[in-house]
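Visitor: Next up is a structure, given as structure tokens.
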Amino acid sequence: MDAVLTSDRYSHAVRADEAQARAYGISGVPFFVIDGRYGISGAQPADAVLQTLDKAWSERSALTLTTRGGSAPSCTGDSCDV
């Protein structure tokens, strides 16, 4: 671990995370970004976090699968046809 802390091995990834935080307007911790659309700042009650997770989940868009051959399995709800 000392080797990682004394090197620049992950500095690019850290700087990218810092830039993303600035773009979101994050200035403190803890801060949670849910689905790239919702932010939870500070220590919040579990109910507030759950409410945000439920909202993000209910607004999610369906995943579209594609393959090289042009046909792909399809998914609806909690099940997929292959």
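The values are calculated or read from the model by the stated rules, or taken from the named source; none is laboratory data. Here the structure is a predicted model, which means the values were calculated and not measured. Using ideal geometry, Cβ is built from the backbone for each residue, glycine included, and neighbour counts are taken over all protein chains shown.
Visitor: Filter segment 1-36 down to the residues that are small (G, A, S) and assigned to a helix (DSSP H, G or I), then identify the one that is surrounded by the most Cβ atoms within 10 Å (Cβ to Cβ). Step through it out loud before you land on a result.
Guide: Pass one, segment 1-36, residues small (G, A, S): 3, 7, 11, 13, 16, 19, 21, 23, 25, 27-28, 36.
If we keep only those that are assigned to a helix (DSSP H, G or I) as well, we get 3, 11, 13, 16, 19, 21, 23.
Details: A3: 7, S11: 9, A13: 9, A16: 10, A19: 10, A21: 15, A23: 8.
It comes out as A21.
Visitor: Do you know which of the residues in segment 37-59 that are under 30 Å from D78 (Cβ atoms) and of a type in the set (A, V, I, L, M) is surrounded by the fewest Cβ atoms within 10 Å (Cβ to Cβ)? Quick ask: steps written out before the conclusion?
Guide: Of the residues in segment 37-59, the ones under 30 Å from D78 (Cβ atoms) are 37-40, 44-59.
Narrowing further to those that are of a type in the set (A, V, I, L, M): 40, 46, 48-50, 53, 56.
Working: I40: 16, A46: 7, A48: 12, V49: 14, L50: 11, L53: 15, A56: 14.
Once the filter is applied, the top-ranked residue is A46.
Visitor: Give the residues of segment 30-79 that are at pLDDT below 80 and of a type in the set (V, I, T), sorted by residue number.
Guide: T64, T66, T67, T76, listed by residue number.
Visitor: Now a separate question. Hey, can you tell me all the residues within segment 37-63 that are part of a loop (DSSP other than H, G, I, E, B) and under 15 Å from the mean Cα position of the chain (by Cα)? Reasoning before the result, please.
Guide: Our first condition is that a residue be part of a loop (DSSP other than H, G, I, E, B); within segment 37-63, this holds for 37, 42-45, 59-63.
Hits for segment 37-63 are R37, E59, R60, S61.
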